[in-house]
Amino acid sequence: MKKLVLSLLFITFWTSVLHAEHNSSKGMDGNRTDNQSSTMRGKLEEQVQEQMKREEKYAREQRFYQGSDYNLSSHEVDPSSLPSVPVIEPEYDFDIDDVYNDSPDL
């Protein structure tokens, strides 16, 4: 919803910018040529289409991140099987001095 409001604000902003360009770039007689008008409409339409694509991508990503379409119950761990997992103790006898030894032991 927030993205939709932001996109509408973005489109409104660009519409006002294009409207300002429209008013400032009129010809000598105060009228805009058809070519300039169609160019401005083309730019606006292109920006609207681009923003719509971003909104569709955002909707797909949100559907993925919310995870409501995925059933992950088959990957849950059974708590009763945890005691049978062996505990692996770390080896604390590692000597870091061997790593920084300058003499080759080949």
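Observations, loosely collected:
- Computed 3J(HN,Hα) for the stretch 91-99, one whole-Hz value per residue from the Karplus formula 6.51 cos²θ - 1.76 cosθ + 1.60 where θ = phi - 60°, is 8, 9, 8, 6, 10, 5, 4, 5, 6, glycine and proline marked x.
- Rounded, prolate or oblate (a/c below 1.5 giving rounded, otherwise prolate when a/b exceeds b/c) for the stretch 46-91 by Cα gyration tensor: oblate
- Inter-centroid distance (Cα atoms) of the stretch 73-93 relative to the stretch 2-16, Å: 52 Å
- Along the stretch 36-42 the Karplus relation, 6.51 cos²θ - 1.76 cosθ + 1.60 evaluated at θ = phi - 60°, assigns HN-Hα couplings of 5, 5, 5, 5, 5, 5, x Hz to successive residues, with x for each Gly and Pro.
- Phi angles across the stretch 70-82 convert, under the Karplus curve 6.51 cos²θ - 1.76 cosθ + 1.60 with θ = phi - 60°, into 3J(HN,Hα) values of 10, 10, 9, 5, 6, 9, 6, 8, 7, x, 6, 8, 5 Hz, Gly and Pro given as x.
- Local charge for Lys3 was computed over the other residues whose Cβ lies under 13 Å away, with Lys and Arg +1 and Asp and Glu -1, and equals +2.
Read-outs throughout are calculated quantities, based only on the coordinates presented, and are distinct from any laboratory measurement. Keep in mind that this is a model prediction, so the values were computed, not measured. A quick note on method: Cβ atoms are made from the backbone with ideal geometry, for glycine too, and the neighbour counts reach across all protein chains shown.
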